[in-house]
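As structure tokens, the structure follows; a few thoughts come after it.
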Amino acid sequence: MEAEFSYLSGIECVPGNLIKGLQLIQSKAGYLPDAGIRAAAEYFKIPVVEVEGVVTFYAQFKRVRPGRHQIAACDGTACHIKGSGQVREWLRQELGIDSGETTDDGVFSLNTVACLGCCSLAPVISIDGTVYGKLDRKKLVGILKEYREK
């Protein structure tokens, strides 16, 4: 097992614990790198292709390194009615990525979520857990500029 994933040794080595092991790797790395997949396969004594099968089956697992800033674009009912589709289009135009992707420079990752629970502020996004509401294009571009400069 690759040394950087030695923390897997705290999990009982039975195939039923594979998901727990993958969750642990992802919690430490922020995603599942190739080396993590190989380490899990070696540790649980199963083929890499079986580990990849589990990873691709469950949506919770991310194979792409997340950006430095995580954007969650709300598409709940209130946000949808108030223009979340337009907000996502502005994000796509400004960042050059769609939901589930990370910018080439590694600064932003974008995900669409079912609800952020801030319906009175619709439409909303959150960046690294900070909520920004009542968005229009000018406000959104300004927010993104602030994060780019950090």
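No lab work stands behind these numbers, since they all come straight from the coordinates. Note that the coordinates shown come from a computational prediction; the quantities given were computed from them, not determined experimentally. Because the Cβ atoms are built from the backbone with ideal geometry, glycine has one as well, and the counts that use them run over all protein chains shown.
Values as computed for the structure displayed
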quantity: Crossing angle, helix 34-44 versus the chain [Cα axis fit, 0-90 degrees, rounded to tens]; calculated: 40
quantity: C-alpha long axis of helix 84-95 to longest principal axis of the chain, angle in °; calculated: 70
quantity: Cβ-placed point charges (K, R +1; D, E -1), dipole of the range 1-92 about Cα centre in debye, nearest 20; calculated: 420
quantity: Share antiparallel - DSSP beta bridges, the range 35-150, percent rounded to 5; calculated: 55
quantity: Residues whose placed amide H lies under 5 Å from that of Arg63, excluding near-sequence neighbours; calculated: Leu32
quantity: Degrees, to the nearest 10: 18-29 long Cα axis against longest axis of the chain; calculated: 60
quantity: Centre separation in Å (Cα based) which lies between the range 2-35 and the range 83-132; calculated: 29
quantity: Relative contact order of the range 102-147, pairs being alpha-carbon contacts under 8 Å that are 6 or more residues apart, as %; calculated: 20
quantity: ³J(HN,Hα) computed for each position of the range 119-126 - Karplus, 6.51 cos²θ - 1.76 cosθ + 1.60, integer Hz, glycine/proline x; calculated: 4, 5, 9, 3, x, 10, 10, 10
quantity: From the coordinates shown, volume of the Cα convex hull per residue in Å³ corresponds to which of (i) 93; (ii) 187; (iii) 126; calculated: (iii)
quantity: Interchain or long-range residues, amide H under 5 Å from Ala122's placed H; calculated: Lys134
quantity: Amide H contacts under 5 Å for Val113, placed H, 5+ residues apart; calculated: Ala73, Cys74, Asp75
